[in-house]
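Please read the structure below before turning to the comments.
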Amino acid sequence: MTDTVTTSAPSKSQQAYAWIKAKIADGTYVSGYRLVLGTIAKELGVSVVPVREAIRLLESEGLVTFERNVGAQVALLDEDEYVSTMQVLSIVEGAATALSARKVGPDEIAGARAINDRMKATLADFQPHHFTDLNLEFHSVLFESCPNPHLLDLVHRGWARLRVLRDSSFSFVPGRAAESVREHDEILDLIEAGAPALDIELAARAHRARTLDAVVAYQAAHRH
């Protein structure tokens, strides 16, 4: 008679931990992605208790952060790549916005202001991903008329890369959103007033750089 070796099955919290970690590793859950306990529990067919335990473990490993009024979300990963992308985007988008300015007429400005008003309306019940979608819609009005196709291609590549890197920068720094919409108004004022191209370019560059600075400061404060 041979002895039978039995191994205990992974607990529900261990299963949830492995499942969430795999989703982060394969890019399904990008940086800033909000981890809703109830939704994950439903997908796994368990209660929220093991999911909560799994998220606490992932938080201890630095893969997940928890913020009051935001909840659990995937931590800022690949910080160097994010910084590099934002730095390049600030330069090329600033230049594209400046070159587009003379082609942005009253109708486009009115459209951009309407989008920015929608962004302001989201601040009371802030949804970072929706805000980011509106943010791209706003900036597209300002840079899509760029007459340099190579420069415009670089802008598109930068935005696409940001989408791969994280769900939304504003999920980490929601307080930055209110400042962002104010800066949008300032950029529009410059374009509407026919300001020098360099002034518009520098304003657009500074606008993106401030978001980068806010996210980097957040990361430094939460670094393990």
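Structure notes:
- Extension gain for Ala197-Arg182 works out to 3.4 nm (0.36 nm per residue, less the C-alpha to C-alpha distance).
- Once divided by 2.2 N^0.38 Å, the Cα radius of gyration of region 93-199 becomes 1.06.
- For the pair Val164 and Gln127 in one chain, pulling the backbone fully straight at 0.36 nm per residue adds 11.5 nm over the alpha carbon distance.
- Note, ³J(HN,Hα) from phi for region 186-203, Karplus 6.51, -1.76, 1.60, rounded to Hz, x at Gly and Pro: 5, 5, 5, 4, 5, 5, 5, 7, x, 4, x, 4, 5, 5, 5, 4, 5, 5
- This ranking places Leu188, Leu123, Leu89 by how few other beta-carbon atoms lie within 10 Å of each, fewest first, which gives Leu123, Leu188, Leu89.
- Residues Asp167, Asp107 arranged by fewest to most Cβ contacts within 10 Å: Asp107, Asp167
- Alpha carbon centroid spacing (whole Å) that separates region 17-76 from region 144-199: 30
- Residues Arg68, Arg166, Arg102 arranged by fewest to most Cβ contacts within 10 Å: Arg68, Arg102, Arg166
- Taking amide H atoms as placed 1.01 Å from N in the peptide plane, the amide H of Val64 lies under 5 Å from those of Glu59, Ala75, each 5 or more residues away in sequence or on another chain.
- The chain - percent relative contact order, Cα under 8 Å, separation 6 or more: 26
- Per residue, the convex hull spanned by the alpha carbons of region 174-221 comes to 46 Å³.
- Sequence-distant lysines (8 or more away, or on other chains) whose Cα lies within less than 29 Å of Lys42: Lys12, Lys21, Lys23
- Less than 5 angstrom separates the built amide H of Tyr33 from those of Val74, Asp167, all sequence-distant by 5 or more or on a different chain.
- Gained length - Ser84 relative to Thr28, 0.36 nm times residue gap less alpha-carbon distance: 18.0 nm
- Size descriptors for region 1-93 (Cα atoms only): Rg and Dmax, in that order, 17.7, 74 Å.
Where a number appears in this text, it was derived from the coordinates with a stated rule and is not lab data. It should be emphasised that the depicted structure is a prediction, and the values quoted were computed from it without experimental measurement. Every residue, glycine as well, gets a Cβ built from its backbone with ideal geometry; the counts of neighbours run over all protein chains shown.
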